[in-house]
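Reviewing the structure listed below.
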């Protein structure tokens, strides 16, 4: 790299070096002429652009590899989530079908008249069915007779 003496270049020192009569520590950024830059490179305190390029290239390649691995892991997680979503969607469809079937059965059961004979008073007619009148009357007389005996009275008529 030939740089005329009038051109100045800013570089970062990789080791201590004497610049403009003063010792500068490693890591210091200095502006130098082309001739001084060549001397600093020769002394090994300034990395050449090609060396920096190789470091950057290695860093970029490592970063690309890391990103590629992260991408592959993300794709695997996405595929797994996609499978779980498909399973959940199928289960949802099955449950929805079962709910619809149960609703249809419920609707059919509530609209079909029953053929069973009611045993209690029919609120629509206001009276108990004729067939069931006798049984409740007989069972009602027995507790009354027991109650009369328990109180000391007689159930016989004089």
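If I filter segment 12-26 down to residues being in a strand (DSSP E or B) and touching a strand residue (DSSP E or B) at 6+ places or on another chain (Cβ under 9 Å), which single residue comes out as surrounded by the most Cβ atoms within 10 Å (Cβ to Cβ)? Looking at residues that are in a strand (DSSP E or B) and touching a strand residue (DSSP E or B) at 6+ places or on another chain (Cβ under 9 Å), I get 17. Could you go through segment 104-113 and let me know if any residue there is exposed (fewer than 10 other Cβ atoms within 10 Å of the Cβ), at pLDDT below 95, within 59 Å of the chain's Cα centre (by Cα) and assigned to a loop (DSSP other than H, G, I, E, B). Yes, there is a match, as at least one residue in segment 104-113 is exposed (fewer than 10 other Cβ atoms within 10 Å of the Cβ), at pLDDT below 95, within 59 Å of the chain's Cα centre (by Cα) and assigned to a loop (DSSP other than H, G, I, E, B).
When you look at residue 9, is it surrounded by 10 or more Cβ atoms within 10 Å (Cβ to Cβ) and at pLDDT below 85, yes or no? Yes; evaluated as a whole, the condition is true for this residue. Note on segment 29-49: residues that are assigned to a loop (DSSP other than H, G, I, E, B), surrounded by fewer than 15 Cβ atoms within 10 Å (Cβ to Cβ) and at pLDDT 85 or above total 1.
The values are calculated or read from the model by the stated rules, or taken from the named source; none is laboratory data. What you are looking at is a predicted structure, and each value in this text was computed from that prediction instead of being measured. Don't worry about glycine lacking a Cβ; one is built from the backbone with ideal geometry, like all the others, and counts go over all protein chains shown.
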